[in-house]
Amino acid sequence: MTTGYSVGDVSRIAHVTVRTLHHYDEIGLLRPSARTDAGYRRYSDSDLERLQRVLCYRDLGFSLDEIAAILDDPAVDPLEHLRRQHELLTGRIERLRRMADTVKRAMEARKMGINLDPAEMLEVFGDFDPTGHADEAERRWGDTAQFEEAQRRTATYTKDDWARHGAEHRELQQRFAAALAGGRPPHSAEAMDLAEEHRQQLNRWMFRCSHEMHRGLGDLYRDDPRFRSGYDQVAPGLAVYVRDAIHANAGRHEG
């Protein structure tokens with residue numbers, strides 16, 4: 001009596017078609033270890049292990065000829081196959097994760113009105129992710145006129161527009177950092193003028209920003225770890241300095 005798995009059993013277990021198994025047999029990639037007296041294929045546990053390797057390498061993009069060469073290499077033992085597959089799968093998972101992150105950034109960018117493809121996003125923003133605060137911005141201000149205005153305006157921006165906006169923002173950050181390094185207090189005329197310039201940048205590029213709203217943004221720069229890190233990477237303590245200058249400037253105008 002012949003034991004083992006029938007071609008139908010293997011088809012169900014491995015989720016491949018019977019036609020695929022017949023093809024693998026015909027090309028010598030996976031030949032069953034035995035046949036019944038009537039000529040029916042019977043697969044052993046070792047055959048199933050080989051099929052698992054075939055399917056894994058196939059999913060990784062190898063051709064059937066390449067898979068056959070890999071599996072029939074006498075210098076590679078089963079454990080080495082597992083190590084190789086684990087390494088390849090780990091690399092693929094990392095590539096897929098990066099692809100998923102890219103797609104997510106594109107989705108968040110669209111929500112923010114940034115109509116750039118991934119290559120343009122990388123060219124304009126580099127390592128900085130402008131979508132990192134998209135969900136929070138929508139949660140905090142999604143029902144405000146300012147949020148709607150920002151989405152409407154930024155939806156028309158080109159890659160060059162975003163590049164100019166980013167350059168202005170970075171240049172202003174450097175001037176804030178210079179004022180901090182020079183010992184000018186946040187309530188000095190120079191620091192408050194920089195804060196007012198920051199508010200006017202928002203008016204020009206995003207939405208009409210009142211001094212009251214500007215105060216709230218200043219608090220966000222200080223209190224939110226992500227914003228704070230972005231400023232403090234330019235200069236230690238810059239987030240608090242910018243926040244205090246914004247508050248001092250708002251008080252100056254309100255007074």
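Read-outs: derived from the displayed coordinates by stated rules, not from any lab. As the structure is a computational prediction, the values presented were derived from the model and not from experiment. We place every Cβ from the backbone using ideal geometry, glycine too, and count neighbours over all the protein chains shown.
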Query raised in the report: Quick one: which of 9-15, 91-97 comes out on top by average Cβ neighbours within 10 Å, and what's the full order, highest first?
Result: 9-15, 91-97
Requested in this report: In whole Å, largest first, what are the principal axis extents of the Cα atoms in segment 163-255?
Outcome: 30, 29, 22
Query raised in the report: Extent of segment 1-100 along each principal axis, from alpha carbon coordinates, in Å, largest to smallest?
Result: 52, 32, 21
**Report entry** Distant-in-sequence amide H partners of L29 (H built 1.01 Å from N, under 5 Å)
**Finding:** none
Report summary line: Applied in sequence order to segment 166-177, the curve 6.51 cos²θ - 1.76 cosθ + 1.60 (Karplus, θ = phi - 60°) yields integer Hz couplings, x standing for Gly and Pro, of x, 5, 4, 5, 5, 5, 5, 4, 5, 6, 4, 4
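Roughly what % of Cα-Cα distances in segment 181-223 sit above 14 Å, to the whole percent? All intermediate terms of the calculation are to be shown ahead of the outcome.
Working: 492 of 903 pairs.
Distances greater than 14 Å cover 54 percent of the Cα pairs.
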